[in-house]
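The values are calculated or read from the model by the stated rules, or taken from the named source; none is laboratory data. Keep in mind that what you see is a predicted model, and the values were worked out from it rather than measured. Backbone-built Cβ (ideal geometry, glycine too); neighbour counts: all protein chains shown. Accessible surface is based on the protein model in full, side chains and every heavy atom, while ligands, DNA and RNA are left aside. Shrake-Rupley method; radii C 1.70, N 1.55, O 1.52, S 1.80 Å.
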Amino acid sequence: DGFQAERLFKQGYSYTYDDIIFLPHYIDFPTDSVQLATKLTRNLTLSIPCVASPMDTVSETSMAVSMAALGAIAFVHSNNTPSHQASIIRSAKSHRIPFVSDPLFKSPSDTIDSIDEFASSNCIFVTDSGTKKSKLLGVVSKADWQALNDKEVTVSDYMVKSPVSFPSNCDFEDVAGFLAAKKLEFVPLVNEKDGELVNVVTADQVERIRGFPKLGMPSVGPDGEFLVGAAIGTRESDKDRLEHLVKAGVNVVLLDSSQGNSIYQTEMIKYIKKTYPELDLIGGNVVTMYQAQNLIQAGADGLRVGMGSGSICTTQEVCAVGRGQATAVYKVSSIAEQSGVPVIADGGISNSGHIVKALTLGASTVMMGSFLAGSSEAPGAYEYQNGRRVKKYRGMGSLEAMTKGSDARYLGDTEKLKIAQGVVGAVVDKGSVLKFIPYAMQAVKQGFQDLGASSLQSAHHLLRSGVIRLEVRTGAAQIEGGVHGLVSYEKKSF
Ligand code: XMP
């Protein structure tokens, strides 16, 4: 009954996730025994198979911290200067609690002129420079400021000096317990080396985090800090960028190119493997077995798969090159598996069913842009469009992003004509990734259970050995598989 994957993908069609459907198999285990632990690269493992795209509307400090806390990882984008990208990595790695606060600073000689200065938090921190980049000297709480008779005095006259703080790599439960025992509203977390403030844990945040569903182990590297990845290009200047990133402690880099099978990339892979033999390196993007083989031979520890499948991509329309994502993931995985190189299915994920399909077809992780761009962790502020709360999401090959410098990915040349391969848009507010990723992972576990696969490795094996069967859905079957026949309904992701 149904088709074996090998037969289905041999017929000359480019299928994407929505084109195919798996036939259910036999269930002999509960949903919660499904294991989602996986490999990102030859040497790095994750508790859940999720990766945030290196895009400037997706992955900066806050996304990197929350993804690592979930047992996933984010790749910090490179549409910035090397030192800025390195500072994002340093900042993400200095956290161990899954959120990033943005406290206000004053110097001891400053004054606080209005209650509005406490608008974003109930406390203001004091350092010599009046910025985050010097030792924490004291703190002023909103209540203390309100109780002052003379508001003209400088903060040094009434700040609480040397407030009790915790090291930035402390355990969440220790801080939470301390706040509760002392009935405090907040506690600063400081970098033990130079006493700089890294984060502030508030009683509200503790409540919020406690309300989120729990997942597996956070992603922590051999350095004892959160795992953080970064994207670089293949230009000569990227060698200098990489040096900054390595100094900042980056755990894995990916070579960000829409067509990765190029002399620029194979040369860069060889250079990186020689210069930083300990650093894991992901090549791509690729969609064919031939492309994959070249990058594996050059030394890639992981492969990123997808060309034109992203929600903001126009590569297939502009360049007439690419592949349906289901076919691409299946074909590349079948060759990569032989060399023990994990595959990242990049782009085109818009629901948990797509994640199940990508992982069963052979990917070890999925990389997501639009799925994460509406979260509170994505860079940028929420706006309102037609009454809906949205966040901006743009392709790195859009003219707007390339104006900021990301044209290297699309082999553009700043001195010549720029051709856009992506668009700028907006996605709906989804709340925190800490909340919706656990729901998505539970849905993925249910999909695996229906397939009779208790882990990713088992799903790969069952598909390759022909136990898991699939079929192509006709247009009508796709309509039937979605919500249909209702006058109206409310769409909620999870
Ligand atoms: P999703 O579907 O998750 O896709 O939003 C994210 C992936 O899309 C790729 N990407 C682009 N591809 N033009 C393209 O052709 C672009 O401007 C562009 N920006 C991002 C990238 O692989 C990302 O992970």
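Some values worked out for this structure:
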{"quantity": "Selection status of ALA86, touching a residue at least 60 places away in the same chain (Cβ under 8 Å), surrounded by 24 or more Cβ atoms within 10 Å (Cβ to Cβ) and of a type in the set (A, V, I, L, M)", "calculated": "no"}
{"quantity": "Single unsatisfied condition, SER309 versus (1) open to solvent by less than 20 Å² (accessible area, probe 1.4 Å); (2) within 19 Å of the chain's Cα centre (by Cα)", "calculated": "(1)"}
{"quantity": "Boolean, ILE419 is within 15 Å of the ligand (Cβ to nearest atom), open to solvent by 30 Å² or more (accessible area, probe 1.4 Å) and of a type in the set (Val, Ile, Thr)", "calculated": "yes"}
{"quantity": "Wholly within the range 281-373, strands (runs of 3 or more DSSP E) carrying at least 3 residues that are under 29 Å from GLY481 (Cβ atoms) and within 16 Å of the ligand (Cβ to nearest atom)", "calculated": "343-346, 365-368"}
{"quantity": "Residue check for VAL140: open to solvent by 40 Å² or more (accessible area, probe 1.4 Å), over 34 Å from the mean Cα position of the chain (by Cα) and aliphatic (A, V, I, L, M)", "calculated": "no"}
{"quantity": "Within the range 445-482, considering residues that are of a type in the set (A, V, I, L, M) and in a strand (DSSP E or B), the one most open to solvent (accessible area, probe 1.4 Å)", "calculated": "VAL472"}
{"quantity": "Selected residue (only one of SER62, SER109 is part of a loop (DSSP other than H, G, I, E, B) and open to solvent by 10 Å² or more (accessible area, probe 1.4 Å))", "calculated": "SER109"}
